[in-house]
Amino acid sequence: MSKTYDTIESISKSINSGITPLRSNSDYWTDGVIPWLKTEQLGEFQIKETNEKISKKALEETGIKINPANTISIALYGEGRTRGNVSILKTPMTTNQACCNIVVNDEVADYRYVYYWLKNNYHQLRNLSSGVRKNLSADEIKSFPFNCRKPNEQASISEILSTLDLKISLNNSINTELETMAKAIYNYWFTQFDFPNEEGKPYKESGGELEFNEELKKEIPLGWGVKIFDKFGEFKNGINYEGNVVGDKVVRIVNVRDISNTTYFILKGELDEISLPEKDSSRYLVHENDILIARSGTPGATRLIHKDIGDVIYCGFIIRFNVYRETQELITLRDFLLPLLMNGQVKLK
């Protein structure tokens, strides 16, 4: 009788969690060369680099294991939406104890299929958690049900989904590059003051006139001035709420961590849900083109609201800035930036 593969453990070579080497031992962290992953990064399709690295000495003395490429890692702990997040580790790396690492037996299962299976069962995984802090355990992951399809079916499903995820990753890389370019252009225009003059030449470099501004205590282009930011829109703090608040309407809420976890748009599907009284849910709605500014976490960090956000509110640690700008102004800005990029007038480092 052939073997039945019906749990995560049955299709795995090994399942383990990591270790956090003593922070007080600088020898474990100074000049680190071995990638060390924390749960805060889990949730991406693939992870190729980590925010921190440990030393070879930490590897030798703590017993921490290096997971091979294509290991599946699941967040066992984490506030908000972190617990249950899953990623594929694309390079060999270690993890902390809050990551459950699954080395898939490739003779039985496609690691990408395992990843999508777990990702699709995100809410079921979270419901397994127990204790006051609602943590998952490696044993619960081991016994989690798994539908082991035929190898060709796994490969076909994985190919379609991974093609989409790779395109998403590419788009994110493009967005990151565009953001870098935008920052360079901002610096070029508003720090160096080398925006195009009437002849299309760099203003300051071509002898453009400057004047000293008392408020900024620096020279700025002649005719420029300083205005209070609130003249351009309405600022409003978000709602302060307790975790056990109950009401008659379920809404999604933008918390500070949601601003920290993204660089561009706040998307509805990534947010927590809470129940609030109708009056509160309607008072703190966010709208398309609103800008959210963090008051804590990463103070000053800003994010845009996606146009399809729907009924979403924002917490009291965030300020909403509703910008009053016409589309034509954005088109004008685009037309100014386009030739700068195309003719190489702006040099990026």
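For the pair Glu214/Ser173, report the inter-label distance in nm, with labels modelled 7 Å from Cα in the Cβ direction. Here the answer is 5.3 nm between the modelled labels. Remark: spin-label model distance Thr191-Gln124 equals 5.0 nm, labels positioned 7 Å along the Cα→Cβ axis.
Cα gyration tensor of the stretch 53-191, axes a ≥ b ≥ c as square roots of the eigenvalues: rounded (a/c below 1.5), prolate (a/b > b/c) or oblate? The shape class here is prolate.
With r defined as the distance between the Cβ atoms of Ile293 and Glu205 and R0 fixed at 45 Å, what FRET efficiency is calculated, to the nearest 0.05?
Working: r = 33 Å, r/R0 = 0.74.
The computed FRET efficiency comes out at 0.85.
Per residue, the accessible area of the stretch 117-214 comes to 67 Å² when a 1.4 Å probe rolls over the protein heavy atoms.
Can you pick out the pairs among Lys90/Lys134; Lys53/Lys183; Lys201/Lys227; Lys183/Lys227 whose Cα atoms lie more than 23 Å from each other?
On the way: Lys90/Lys134 28 Å; Lys53/Lys183 28 Å; Lys201/Lys227 27 Å; Lys183/Lys227 21 Å.
Among Lys90/Lys134; Lys53/Lys183; Lys201/Lys227; Lys183/Lys227, the Cα-Cα distance tops 23 Å for Lys90/Lys134; Lys53/Lys183; Lys201/Lys227.
Measure off, as a whole percent, the carbon and sulfur share of the 1.4 Å-probe accessible area of the stretch 18-97, all protein chains present. Here carbon and sulfur together make up 45 percent of the probe-accessible area.
Arg23 to Leu304: FRET efficiency via 1/(1 + (r/R0)^6), r the Cβ-Cβ distance, R0 35 Å, to the nearest 0.05?
Details: r = 36 Å, r/R0 = 1.03.
After rounding, the FRET efficiency stands at 0.45.
The peptide list 117-127, 31-41, put in order of mean Cβ contacts within 10 Å with the highest first, becomes 31-41, 117-127.
For the peptides 98-111, 17-30, 213-226, 190-203, the ranking by packing is 98-111, 17-30, 190-203, 213-226, with the highest mean count of neighbouring Cβ atoms within 10 Å listed first.
What is the calculated FRET efficiency for Leu222 to Lys53, with r their C-beta to C-beta distance and R₀ = 35 Å, to the nearest 0.05? Using R0 = 35 Å, I get an efficiency of 0.10.
The values are calculated or read from the model by the stated rules, or taken from the named source; none is laboratory data. All values reported here derive from a predicted model rather than from experimental measurement. Don't worry about glycine lacking a Cβ; one is built from the backbone with ideal geometry, like all the others, and counts go over all protein chains shown. Surface accessibility is based on the protein's heavy atoms, side chains included, excluding ligands, DNA and RNA. Shrake-Rupley method; radii C 1.70, N 1.55, O 1.52, S 1.80 Å.
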